[in-house]
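No value in this document is a laboratory result; all are computed from the given coordinates. Everything quoted here is computed from the prediction, not taken from an experiment. Cβ placement follows ideal geometry from the backbone for every residue including glycine, while neighbour counts extend to all protein chains displayed.
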Amino acid sequence: MALLQMQRINIYALKKDRKHILELLQRRGVVEVRDMLKEDKVFSKSDVSVAKQSLEKNISLATESLSILNNYIKESSSMLSALEGRKELPVEVYDGFREKYKTTVDITKRIIELAKIIAENKAELLKLQTQVEILSPWINLDIPLNFKGTKLTTGYIGTLPKPWTLEGIYDRLADYMPLDVDIISSTKEQTCIFVLCTNNNKDKVYEILRGMDFTLPSLTIDRSTTFNLSTMDDISTTADISPAMQLKFIRQQLDETKKQIQVAMDEIISYDKDRNKLKFLLDYDTMRLEKYEVLGTLLQSKNVFIISGFIAEKDIKDLEEELTSKFDVAIDSANPRKKDEVPILYKNNGFSEPLEGTVNSYSPPGKGEIDPTMVMSLFYYALFGLMLSDAGYGFLIAVACAFGLIKFRKTMEKPMKNTLKMYMFCGIATVFWGIVFSSYFGDIFDVVAKTFFGVTDLPIIPPLWFYPVEKPMLMLTFAMAIGIVHLLTGLAMKGYQMAKQKDYMGIIYDVVFWYVLLICGVVILLSMKMVTNILGINVDFPDIVIDIAKIAALVSAVGIILTNGRESKNPFKRILKGLYALYGISGYLSDILSYSRLLALGLATGIIGTVVNQMASMTAGGAFGPIFFTLIVVIGHALNLGINALGAYVHTNRLQYVEFFGKFYEGGGKVFKPFGINTKYYRIKESTKNGIIR
Amino acid sequence: MGSLDNYGIVLALLGAALAALVPGMASAKAVSMGGIAGAGVIAENPSLFGKVLILQLLPGTQGIYGLIIAFITFSQIGVLGGSSEISFVKGALYFAACMPMIIVGYTSAIRQANASVASIGTVAKKPDQFGKAMIFPAMVETYAILAVLISILAVSGVTGLNI
């Protein structure tokens, strides 16, 4: 239960060492660089936006090319690879990358270019395919589609809707002989015709044709499209050749385009071998970007620069030794000033550490607040276990997490490790409560024993304490008792916090009074017959205890009224505020009732599990019975585990955030974010032999 | 046993069926609301899938609570085997015992879905605020939990009555 003591640190060094010092700091990752000093005539910040822009561009190039590469050739990865963490690379590879940098950037550009080519060619392909569709009815026409006629004749080439017979068309045009009509092709939708008439009749023929809904072929000949026409001597565009030839050329072009796509795709796939380089480029420039961001905040004079920031007190000595042994630097450190927003760095043991993330997602401890992680972790695991409360489920969770933790213990990233650890502890707590209330995949042992072995001596494993389904009131009482303990612990944390801030009178006013009032309130409630009857428990207090409790409760209530509004000077206002504070006891009541979710969620798991087993046992007869039984049990319990683990997780968080934190914790701090290596794919492994950073 | 008493079991079963039916309906609607909002978020940022899924599923629990009440009632009135001789009054009491779950289950699921959808919006903009965003829908669920609690206690209490 602790936060590390932070210190302000200033590092003064020579500009010639700037690159190396920054790189060393980045690799150590122990300093959070803060821009805390003001610019003046000598010291000013340098503009790094140009360098940053080019790095950002390269990062986006690398990201884009990687995603393109992933589209064309999937990276082989196992289901568990998410647990594996980043790969380790020796520092030499990092240093050696400089030579490959240029070519790698070129590869990213080439991949993006290829993707563009493919996209363009695919659009071209679509266009060509439409042309093929339009042209194919005309394949039997042996003159070009844009044929307009000869010296004395006019030709009309086009389509009529619906099928037409040759006679039908001749009938319509009979007045304007001589003419020639050819039906090139005919389908249900349209008839493609060629009409040749003499020039003096051309307008009238056209008019009649229009009356028949004659339309010209909707082929837009793209004159910019250059077909491979070197074999054709005196024809300059496709429109001047016959449809059959045209089709042939378009088909040629189709093949050409397809080939181009294939070539581009093959080339992209060939870059699969460079995938690691691309990833490294991404990481490399991410690191450099971070370095430049820090560089932009540094104060620099002609020869000197200053790094200012925060560092954990325990790290100062090592860093100072390392820096002074290699460079000409001066380092000073001091306690944070009152106004400083000191970053938060936790220090917890392996049991509580996994929950730092949970505290962070509420809010890191604010100024003057203590780290609640340790105390919270005890309740967190216990409450989660109570809500899931099935030894079988808990066992599965714990074993799965332990397996992941052991298998990937060397490479797993810290956040993932903490998540798995948290669920492992939650699982262990679940096993504990499962045994207490005798729930093993619902009542699987009993059901199997009864259905398959005819055992009548049930239950096989009796509960350590009782079955919640049989005594829900007792379970409810237990849940609320846990709630009272949890809330009082929260109140105690408030007292501890106030003690740290040396507000000793406040402890009496805000903590002790409430403690007395709450405990006495519970005693008084338990002395009432009505309450004990509802709860189904038997408590006998001697009369004297009850009388003392009544008096103490009264005294503390008066105390609360008098003191809880103490920030107001006006006595009238003060009493009103005190009364309002006393009204807060209703808040405690609803807080305690809120813990009834422990009962509801616990019962939910147990009852659904039992129902699954019951359904399974109905199918258990016959030769295939055991198979159906197993199937139903596996699927049913998997669903139950999933939905109830989610419920337990959410409601454990709620009890911690709302009920527990509500008593003492506000948060509002900022997590320590050291200047370090925040890469996506690789982590740099230091060569430990000499420790020299070049 | 009067002829009216034949209908005791009918009332009891009606209550149990409604307990599964009404909150189930509401949860289906509620989860679909979350799904629609979530699908939009995933289109923008697929990495948020896990978080959005949790928020989507939160209002799904009412249906499960309803199921629990239905099963407890089934087992108490002997539908799942055993005797089913229930007086009219007792049947009506079972029906009344299911009411909190039926009504609160319905309304709380829909209301919780509204909070869930809003929280999904929060997570879409600020994924790191997931912890807080999760609490808002969970606050609504409290009332469903209280309802299921009362229904459980009432159903198991009615069984002990000698009427």
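Things to note:
- The alpha carbons of segment A:301-378 stretch over 52, 28, 19 Å along the principal axes, in descending order.
- Between helix A:571-583 and chain A: long-axis angle, C-alpha atoms, 0 to 90°, nearest 10: 70 degrees
- Residue exposure sequence - B:Ser87, A:Ser81 - by fewest surrounding Cβ within 10 Å: A:Ser81, B:Ser87
- Taking the square roots of five times each eigenvalue of the Cα gyration tensor of segment A:27-186, the equivalent ellipsoid has semi-axes of 71, 23, 15 Å, listed largest first.
- Computed from the Cβ-Cβ distance with R0 of 41 Å, the FRET efficiency linking A:Glu23 to B:Ile42 stands at 0.60.
- Residue (of A:Leu66, A:Phe43, A:Ile107) at the positive-pole extreme of segment A:27-126, dipole from beta-carbon charges: A:Phe43
- Listed residues A:Ser617, A:Ile560, A:Leu24: farthest to the positive end of the dipole of chain A (Cβ charges): A:Ile560
- Spherically averaged projected area of segment B:3-160 from its Cα convex hull (nm²): 9.2 nm²
- Scalar couplings 3J(HN,Hα) for segment B:150-163, obtained by applying the Karplus form with A = 6.51, B = -1.76, C = 1.60 to θ = phi - 60°, are 4, 5, 4, 4, 5, 4, 6, x, 4, 4, x, 6, 9, 9 Hz; x denotes Gly and Pro.
- A Cα-only calculation for segment A:347-670 places Rg and Dmax at 23.6, 84 Å.
- Around the amide H of A:Ile184, modelled in the peptide plane, lie the amide H atoms of A:Cys192, A:Ile193, A:Phe194, all under 5 Å away and 5 or more residues distant in sequence or on another chain.
- Distance between segment A:299-315 and segment A:446-488 - C-alpha centres, whole angstrom: 61 Å
- With contacts taken as Cα pairs under 8 Å and at least 6 residues apart, chain A reaches a relative contact order of 23 percent.
- Remark: the Cα gyration tensor places segment A:541-694 in the oblate category, a/c being 1.5 or greater and a/b not exceeding b/c.
- Per-pair calculated FRET efficiency, R0 = 35 Å: A:Ser270 and A:Ala244 via Cβ, rounded to 0.05: 0.35
- Ranked list, fewest to most other Cβ atoms within 10 Å of each Cβ, for A:Thr373, A:Thr215, A:Thr63: A:Thr215, A:Thr63, A:Thr373
- Projecting the Cα atoms of A:Tyr580, A:Pro90, A:Ala600 onto the charge dipole of the protein assembly as shown (Cβ charges, centred on the Cα centre) puts A:Tyr580 farthest toward the positive pole.
- Averaged over the residues of A:32-42, the number of partner chain Cβ atoms lying within 10 Å of the residue Cβ comes to 0.
- Summary value for chain B: 35 percent relative contact order, contacts being C-alpha pairs under 8 angstrom separated by 6+ residues.
- From least to most packed, judged by other beta carbons within 10 angstrom and beginning with the fewest, A:Tyr362, A:Tyr284 follow the order A:Tyr362, A:Tyr284.
- Shielding value for A:596-604 is 6, the average number of Cβ atoms from other chains within 10 Å of each residue's Cβ.
- Computed from backbone phi with θ = phi - 60° and the Karplus coefficients 6.51, -1.76 and 1.60, the 3J(HN,Hα) list for segment B:6-23 is 4, 8, x, 5, 5, 4, 4, 5, 4, x, 4, 5, 5, 4, 7, 6, 5, x Hz; x is used for glycine and proline.
- Residues of type lysines that A:Lys471 reaches as a straight line, Cα spacing below 22 Å, ignoring anything fewer than 8 places off in the same chain: A:Lys529, B:Lys90
- The phi torsions of segment A:367-383, fed into the Karplus equation with coefficients 6.51, -1.76 and 1.60 and a -60° offset, translate into couplings of 4, x, 8, 9, 7, x, 4, 4, 5, 4, 4, 4, 6, 4, 4, 5, 5 Hz, rounded to whole numbers, with Gly and Pro shown as x.
- Label-point separation in nm, B:Met139 to A:Lys38, each point 7 Å along Cα→Cβ: 4.3 nm
- Cut-off under 5 Å, modelled amide H: who pairs with A:Ile344 long-range: A:Lys670, A:Val671, A:Phe672
- Here chain A is treated with +1 on each Lys and Arg Cβ and -1 on each Asp and Glu Cβ, and its dipole about the Cα centre works out to around 2340 debye.
- A straight line joining the Cα centroids of segment A:569-592 and segment A:106-165 runs 84 Å.
- A cut-off of 5 Å between modelled amide H atoms, ignoring neighbours fewer than 5 places along the same chain, links A:Gly149 with A:Gly155.
- Rounded if a/c under 1.5, otherwise prolate or oblate - segment A:336-377, Cα gyration tensor axes: prolate
- 20 Å-binned pair-distance histogram of the protein assembly as shown (Cα, whole percent): 11, 29, 27, 20, 11, 2, 0
- Relative to the dominant Cα principal axis of chain A, helix A:472-500 is inclined by about 80°.
- Partner chain coverage, peptide B:67-74 - average Cβ within 10 angstrom: 3
- All lysines inside 18 Å of A:Lys569 as judged from Cα atoms, apart from same-chain residues fewer than 8 positions distant: A:Lys577
- Label-point gap, in nm, between A:Phe351 and A:Asp540 - each point 7 angstrom along Cα→Cβ: 3.8 nm
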